[in-house]
Each structure stands twice: as structure tokens, then as C-alpha cells.
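This report refers to the structure that appears directly beneath it.
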Amino acid sequence: MRMNSSSVIMIRNAILIYLLGSILLVIVFMLYIAGYVINQSQSYYINLEKPFYVIITLNSLLAVAVAVLEYTGFRRLSELKGTYRFGAYGAILQLISLPFSITGAIYYIQSIENTYKVSNISGFTMQALLVKVNSLTYLGTAGSLINLIGWLLVFAILHKLGSDHGNGIVKTGSLAAIIGLALAISVTSYVPVAYTSYNAINVASVLILFTLLIIGGLIAFIGIIMLLIGLTSLAKVITH
């Protein structure tokens, strides 16, 4: 059975949507913070409550769209080779992670709200981002890890796809994405575990975690760009 290029294009589009959507969400969030700070006399005070809920909602919709495209693409590829179905399983894990991540994020926000209600502050301060959190917040960590496993499966199968068709760009890109994403998400997942109260903050640890997060994000970004290029070229080869 000959591979259908539309399946590869569908997976490529899923990754592209994920990349552009994530960048757009970050830009919108940062613009809100910048605008809020500029318009406030006390720049340390930033009301992040509503933006957090908006970002959570938009990110969830983005994740669902991406997972559906991935699942469809990999299921079609699995008709050619059964191993590719594990990519579809990865997409399913991404969907499964959402309730955990959403619940954890909501309880994290509520923990901040409850902590600062006693001070009659209707919003967040930069210090408020690290507070003693509700135990349900750790569901967010579980969601991140499930999501990580899902993406690792997707990238592992893309590496297999590149290997099967002799596409070095797809192989290299998938490996870079695996390394970078594992590093970035692992660091992100560790934050609520490491800092359960404001008094537990260690500046050196924060700097190390932030540095690792940046490095992991850059590696993953480069890997994803390579994947987009490689999958596009692979689809063209299949078409011809």
C-alpha cells in the first residue's frame, strides 16, 4: 500500500498549528502584562486572574485541535504500517492530560486567590505566583507528564517515519524535539513540587530552572522547525 501524502501533511499541520498557536498565546499574554504594567503606578502589581483563565481555555482548544489532527494522520499511516498507530496513542494521551492540567491550573489560581483574599487584594502580584498550593494543584504536574509522554510517542513515531523513508531532517528534528520537550516540560512540572510555599524560594534554583527551561524550549523549537521542513519535503516526495 502506497503512503498517502495527505496523512503526512495533516501531521505537519498539527505541529505547525501547535507551534504558531503557542507562540501567539505567549505573545498575547506578555502584551497584556506589558500593557497592565505601563498603565499602573505600582508596576509590581499585575492582575493575572482573568488572563490565566482565558489562556487556559484557548490552550485547551488548541490542544484538542492538534490532537485530533495528529490522531487522524497517524491512524491513516497505521494502515500502511502498524507501528505508526503509536503516534495516534500519543495524541490520545495528549487529550487525556487536559482534564488533569486544567484542574491543576484552576486550583493553582484559586490557591493564589485564597492566599491574598485576606489582604483584600483582588488580583495577583509577582510574589503571589509562588504560594502554598492546594494538593489538587499537583494534578497539573500529572497532566504535564501525561502530555509529555504523548508528545514523546508522537516524535518517536515521526523519527521512525523519517527513518523508514530516509529523511534525515525528520529524524534529526524529532530527536531534537524529544530532548528539548522532555527538558522543558520536566522543569515546568517540577516547579510546583519544588516550591510549595513562598518561604521555600531559592533564587539560585529559580535561575537554574529558568535557564533549563529556556534551553529546552530552544532545542524543542529548532527540532519542530526541522520537523516541519522535513515533513513538507517528505510529503512532496510521496506525491511524486
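Here, each number is a calculation from the coordinates, and none is a lab measurement. This structure is a prediction, so every number in the text was calculated from the model and none was measured. Counting neighbours? That spans all protein chains shown, and the Cβs are built from the backbone with ideal geometry, glycine included.
What residues from region 147-166 fall in the zone where the backbone N is under 20 Å from a label point 7 Å along the Cα-to-C-beta line of Ile238? Within reach of a label on Ile238, which here means backbone N under 20 Å from a point 7 Å along Cα→Cβ, region 147-166 contributes 151-166. A simple spin-label model places pseudo-atoms 7 Å from Cα toward Cβ; at Glu49 and Ile229 they are separated by 4.7 nm.
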